[in-house]
1. Provide the per-residue ³J(HN,Hα) series for the stretch A:286-296, in order, calculated from phi with Karplus coefficients 6.51, -1.76, 1.60 and θ = phi - 60°, each as a whole number of Hz, with x at glycine and proline positions.
2. Heavy-atom accessible surface, probe 1.4 Å, ligands and DNA/RNA ignored: which residues of the stretch A:12-42 lose at least 40 Å² versus the isolated chain?
3. Would you tell me the accessible area of A:Ile231, worked out with a 1.4 angstrom probe on the heavy atoms of the protein chains, in Å² to the nearest 10?
4. Just to be sure I understand the model, the point goes 7 Å from the Cα along the line to the Cβ. What's the resulting A:Asp557 to B:Asn83 distance in nm?
5. What FRET efficiency do you get for A:Glu619 and A:Arg233 if R0 is 30 Å and r is their Cβ-Cβ distance, rounded to the nearest 0.05?
6. Please turn the phi angles of the stretch A:337-348 into ³J(HN,Hα) values with the Karplus equation 6.51 cos²θ - 1.76 cosθ + 1.60 (θ = phi - 60°), one per residue in order, whole Hz, x for glycine and proline.
7. To make sure I understand the rule: partners must be lysines, Cα under 18 Å from the Cα of A:Lys430, and not fewer than 8 residues away in the same chain. Which ones qualify?
8. Could you sort B:Met86, A:Met1 by accessible area so the largest value comes first, with the probe set to 1.4 Å?
Amino acid sequence: MRKLALKDEILMQVEKPARYIGNEVNAVMKDKSQIEIRFAMCFPDVYEIGMSHLGIQILYHMFNQFEDVWCERVYSPWVDLDAVMRREHIPLFALESQDPIKEFDFLGITLQYEMCYTNILQVLDLAEIPLLSAQRGEEDPIVIGGGPCAYNPEPVCDFFDLFYIGEGETQYRRLLDLYKECKRKKTGRKTFLEKAALIPGIYVPSLYQVFYQEDGTIQKRVPLAEGIPEIIRKELVRDVTQTFYPDKPVVPFIKVTQDRVVLEIQRGCIRGCRFCQAGQLYRPVRERDVEMLKRCAMEMLQNTGHEEISLSSLSSSDYSHLPELLDFLMENCGREKINISLPSLRIDAFSLDVMNKVQDVKKSSLTFAPEAGSQRMRNVINKGLTEEVILNGARLAFQGGWTRVKLYFMLGLPMETEEDIRAIAELCNKIAAEFYDAVPKEKRREKVQIVASTSFFIPKPFTPFQWAAQCTREEFLDKAYFTRGAIREQLNQKTIKYNWHEADVSVLEGIMARGDRRLNQVILNAYRKGCLYDAWSDFYKNDLWFSAFEECGVDPDFYTTRERRDDEIFPWDFLDCGVTKEFLLKEWHKAQEEAVTPNCRMQCSGCGAARYQTGVCLEKKEG
Amino acid sequence: MKVRIKFSKEGPVKFIGHLDVMRYFQKAIRRAKIDIAYSSGFSPHQIMSFAAPLSVGHTSCGEYFDVELHSMPEKEELIRRLNAVMVEGIRILDAAVLGEGEGNAMARVAAADYLVTFGEAVALPSDWKERLLAFYEQPSIPVQKKTKKGEKEVDLKEGIYDLAIRKEGIYMLLDAKSGSNIKPGFVLETFFEKEKIPLPEYPFRIHRLETYLREEEGRLAPLIS
C-alpha cells in the first residue's frame, strides 16, 4: 500500500481528507526509478475546483504519455490543513507519490483567474520553494506558469521561472528535452532558462527589464541577453483532432464541481464579443472531428463510469456537427442512463428540442446571456443577440413547459448610461410578459420565475476594451442599486429576482488583470499579511489588500479607473496572442461608434489569427 | 435478481466517507459493465443498497451491498470484472445471488465485529486490560446516547455481544442494527472516560472484521455465508 504524506491523526482532523490521499481511479502511478522528469501540475485552489479543470486533465494525460515523465497533481491545501502543515513543518506533496514537491524537476501552476494569485504563494511556501524566482537554487524545481492569466504574466512574474504562453500540447516535449540535456551536461539553472527562452511560446521574465515613464506607463521593455526574443507568440494546436485527449480522466472519490465527463468539442469562438478575453485568446476557432468526439465520449464514459457527460466550448451552438453529435449521444447515453448536459447553447427551437429530450423540463431552468439590456449596448459589446431573438427563445421555452429563466448581464460596460441599465429591468419585464402571453391561464403549471444576475465589467488584456476605464467600487454599487430600483418599477417585478456580484473583489480583479510588474511586491505583501483564497468571498480580506497597496506605494486606481491612450504600451504588449493590437484598437473605436463586427463565419475581419492557417480561417465564408 | 457483494476497504481509502463509497461503486459498476437495474422516473438511479455504513478512518474486510441485476455472469466472472476496475485498497471478496423475499442488506444487519488497536500516541496504564475486562463484565453499563430527539439513557452492555483481548488487539462483537448500532469507538471512549484515562486525538485504529445477520434459529452468520 502507498504510504501517505500525512499521518492519520492529521487526516482525521481536517475536512474532507480524501482531498489529500490520491489513489483515485485513473490516477497515474509510475516507477520512480524509471523516470527522468518529475512534473507536479498544480491548480492553485482547493481540490474540488482544481479537479474540475479540463486543461489540467489534458496536460496530465499528455505528460504521462511520455515514458520518461511522471506528472502528478497538487492543489492548494484547504485552510485547515494549511495551518497544520505550517505548524508541523510538513512540506507540500504530490497526490500520486505523496513525495514532497520540492524534490520535483518542475512545478507547473495554471493561472485560471486573477484571484488565485496569493494561492500561488501558498503553494510555493508550503512546498518550501523560495517565493521569488531570483532566490531559487539548483535544487529547486523549475516553476512554470500557464493558462489564460499567463497572457498578462507581469503581476506575478517574480514568482515564476518561466511562463508557457498558449496551448500546452505543442512545445512541452521540446522544453523537457532541453531540460534533460541541460541536466546531463550540468549546465545549471540559468543556462537552462536562457535556452528555454528561445523555444516558441516560452517567456522567461528574468531576462527582460521594463522601463517606465514619469506618468507610470511603460516606456520600453528590453531583453537582457543577446538573441532573446522581444515578442513571444502564443502556441496553438493547429489540428485539434490528431492530438492528445484524456481517454482516462481521473475520477475523484469526493464530489467535485465538474463531476462528469467533459468533451471539448472545439476551441475558440467565432463571435468576437468585445468584453470577452477567451474569445480573442483562443482564435481561430478549431472544431474537433465529430467521429473523434464520438469515440472519445464513449471511451471516457467507459473508463470513468461517470453518469453524465457535458459538452464544453465557448459557444456550443456554433459547432457545425452539433446535431449529429447530439443524436449520437442521445442514442448511446439513453440506454446507459447517462445524462447529457449542454451549457453554452443558444436558446432556439433546435436547442429547446434537444433539452426537452435530455432534461427534466420541470426541474431545469434556461439561461440567456444577453450581457446588456439595450440593443445600443449590445452593439457596443458586439453581442450579436437581438431582443427579438431573446423574446422568441423565451416564448418557445415557455410554450415548451419551462418556467424558470436565468439572465446574465454586465454592469459598468464602457459608454453605459442609465437608460442602458433601465433596459435590463425592462428586458426582464418583457420576458415575464412573454410568459403570460404565450401560456394560457389554464396551462400555467407554476409561476414564471426570472433570475437576473449582474456581474461587474472588468476590462481584460487582449480585448478591444483593454483601453477602457473600469468603474470605481462606488460606481459599481450605484449601478447595482439603480438596477434593483429599476426592476422594482416593473409591472412584473414580483416574478423577477435580482442578484449582483461583489464590488470589492471586482476592483481587485481589475487591478490584477491589467497590472504590471510593480504588483508582485503588493501580492507578496498581501500574502504575508494573511490574504489567501481571495476567490472565496468568505476569505477575501479587502482591508488587508488595500493596506498592502498603501505600504508598497502602489496606486490601485492607476490600473483600473484610467482610460488608456490609444498608443499606450501595455504590460502584456510583448506577447502576441495572434490577434493584432491594430485589430483590437479598430474594434475599440467601432465600439464607440456602436458598430457591430460580423462573426468569423460570416466574414473575416482580419484580426490576425489567420497567420495560424487553421480552423475557421480556412473555411469558405458565407458571403 | 438480487445479488449481494462483499468487499474490503483498507489503507488510504479508509478516508473516503460512506456516501462517497456508494458513488464510487455506482461508477465502478458502470466501468465493469455489470447489467444493473435502474429505478424508473426522470433521473433513474442504480438499485443498490449498502449494509452498514463504515465510519471515516475505519478499515474493514467485511463490507456488503446489494444490487438488483438484470442478468448475472458466473460468480467468479462477476468478482473478476469488478476487481479489474477497483482502486488499491478496495477488493471484491465474494458475491451471492439472494433468494426470493430475502430482506435487503441494511434491514438484515444484526451485528458486526471489530478489532481495535491503539495509535502511537496512546499511553496506557499497565493494568488496562484487567480494567477493560472488568468494565465489560459489569451487569449493566448505563450511558447517555445521543438520539435525534436528544439524549437518552441506554444500557451499553445490551449491545456488546462479546469483548475479548486478543494478541492482535481488542475484539468486540457489537449490535449493528440500523436503529441501535453501537460504535466500537464509543464503547472504548466510555471505558476510558470512566477510568479517567486521558486519550489523545484519534486514539483508536478500528478494523471491522465481518458483518452479520441473525438466522431464524437466532445464530449470527456473515451476510454471505
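1. These are the phi-based 3J(HN,Hα) values: 10, 8, 7, 4, 5, 5, 4, 5, 4, 5, 4 Hz.
2. The answer is A:Met12, A:Ile21, A:Asn23, A:Val25.
3. 100 Å²
4. Distance between label points: 7.2 nm.
5. Calculated value: 0.85.
6. Whole-Hz 3J(HN,Hα) from phi for the stretch A:337-348: 6, 9, 7, 10, 10, 10, x, 6, 9, 5, 7, 8.
7. A:Lys406, A:Lys441, A:Lys447, A:Lys494, A:Lys497
8. From most accessible down to least: A:Met1, B:Met86.
The values are calculated or read from the model by the stated rules, or taken from the named source; none is laboratory data. Keep in mind the model is a prediction, meaning the values are calculated, not measured. Neighbour counts are summed over all protein chains in view; Cβ atoms, including those assigned to glycine, are modelled from backbone coordinates with ideal geometry. Note: areas computed on protein heavy atoms with side chains; ligands, DNA, RNA excluded. Shrake-Rupley method; radii C 1.70, N 1.55, O 1.52, S 1.80 Å.
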